[in-house]
Amino acid sequence: MSQEGLPEDAGKPNFIAVDRQIECASIATKMYNFYEQTGWSEFLDVAVSSANYFLTNFPERKAEFDRLIDPTGQDASPSVK
C-alpha cells in the first residue's frame, strides 16, 4: 500500500478507501496531464476510468477525491457525469 500505517490497519475499510483515493487521484491527475501535453486520448481514457472506478466504489468520498484532483475547490474530476 502506498500509505504509511500500522500493518494491522491494512485490511480496514477506511484505510483501503483512503489508499485507493490517493492512488486513483494520482493516476487520474498524471494521466490527464499527459493527455493535455500529448493530446493522446488513451491518457484521457485512463484518467476517466481511474476516477470512475473510485467514484463508483466510494461515492461518499467524492469531495475528498475532488480536493486531491483540484485543490482550488472546483469540481475538476475527469469522470463522466
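Throughout, read-outs are computed from the coordinates displayed, never taken from laboratory work. Owing to the predicted nature of the structure, the values given are computational and were not obtained by experimental measurement. In this analysis, Cβ positions are derived from the backbone assuming ideal geometry, glycine residues included, and neighbour counts consider all displayed protein chains.
Spacing of the modelled spin labels on Thr38 and Ser26, each 7 Å from Cα toward Cβ, amounts to 2.0 nm. For region 11-69, the equivalent ellipsoid derived from the Cα gyration tensor has semi-axes of 23, 10, 9 Å, listed largest first.
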